[in-house]
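Remarks on the structure that follows.
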Amino acid sequence: MSVKLTTRQKGGVTIIDIGGKLTLGEGSSALRKKILALDEGGSKKIILNMADVSYIDSSGLGELVAAHTTVTAAGGWIKLLNLAKRAHDLLEVTKLYTVFETFEEETSALASFPEPSASELQVRYLTFFSRFPLGGRG
């Protein structure tokens, strides 16, 4: 079975539900493409829900690290949810548990993100009103 990625939004956080095998080839490249598309789209808060990941190899682990690097370099956060025992053990053996925040409950993962700063809210406000100007000037 190949990897299946499903994206959903909750309160300004993008959650990617991952199912299948996260391995060399199709699995890791699909995740890479999804993360790059989200990064280009401005997603800054991402959770990778790995509840349905049946297998992860070193290439899949490398893609998790690459995803973390991409998202944090853009000023965002990426967190892992529902790791299977094998994935958890891989993070321990490789010491990557010091890099990733992991959660067992979605509500805890969602609550762990910082609130938007005043400047971030101002940017959202200005972006919104630049698309829909008030008043009939012109």
Item checked: Residue under evaluation ASN49, criteria (1) under 20 Å from ARG8 (Cβ atoms); (2) modelled with pLDDT under 95, criterion not met -> (2)
Margin query: I need every pair where a residue in the stretch 22-42 that is of a type in the set (Asp, Glu) has its Cβ under 6 Å from the Cβ of a residue that is modelled with pLDDT of 90 or more and surrounded by 13 or more Cβ atoms within 10 Å (Cβ to Cβ), sequence separation at least 6 or different chains.
Written below: ASP39/THR70; ASP39/ALA74
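Yes/no matrix, rows are residues, columns are (1) closer than 17 Å to ALA30 by Cβ; (2) touching an Asp or Glu at 6+ places or on another chain (Cβ under 8 Å):
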| position | (1), (2) |
| --- | --- |
| LYS44 | no, no |
| ASN49 | yes, yes |
| ASP52 | yes, yes |
| SER59 | yes, no |
| VAL65 | yes, no |
| ALA73 | no, no |
| LYS79 | no, yes |
| ASN82 | no, yes |
Notebook entry, point to check: If you scan the stretch 74-105, which residues turn out to be more than 21 Å from LYS21 (Cα to Cα) and modelled with pLDDT under 95?
Noted result: ALA74, GLY75, GLY76, LYS95, THR98, VAL99
Checklist line | Meets criteria (open to solvent by 50 Å² or more (accessible area, probe 1.4 Å) and part of a strand (DSSP E or B)) for SER2 | finding: no
Item checked: Residue satisfying all of: in the stretch 63-73; under 15 Å from LEU22 (Cα atoms) and touching a helix residue (DSSP H, G or I) at 6+ places or on another chain (Cβ under 6 Å); modelled with the highest pLDDT among these -> ALA67
Notebook entry, point to check: So, in the stretch 13-29, of the ones that are open to solvent by 20 Å² or more (accessible area, probe 1.4 Å) and touching a helix residue (DSSP H, G or I) at 6+ places or on another chain (Cβ under 9 Å), which residue ends up modelled with the lowest pLDDT?
Noted result: GLY25
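The values are calculated or read from the model by the stated rules, or taken from the named source; none is laboratory data. Nothing here was measured: the structure is a model prediction, and the numbers come from that model. Cβ: placed from backbone, ideal geometry, glycine included. Neighbour counts: every protein chain shown. The protein model used for the area step is the full one, side chains on, heavy atoms only, and it has no ligands, DNA or RNA in it. Shrake-Rupley method; radii C 1.70, N 1.55, O 1.52, S 1.80 Å.
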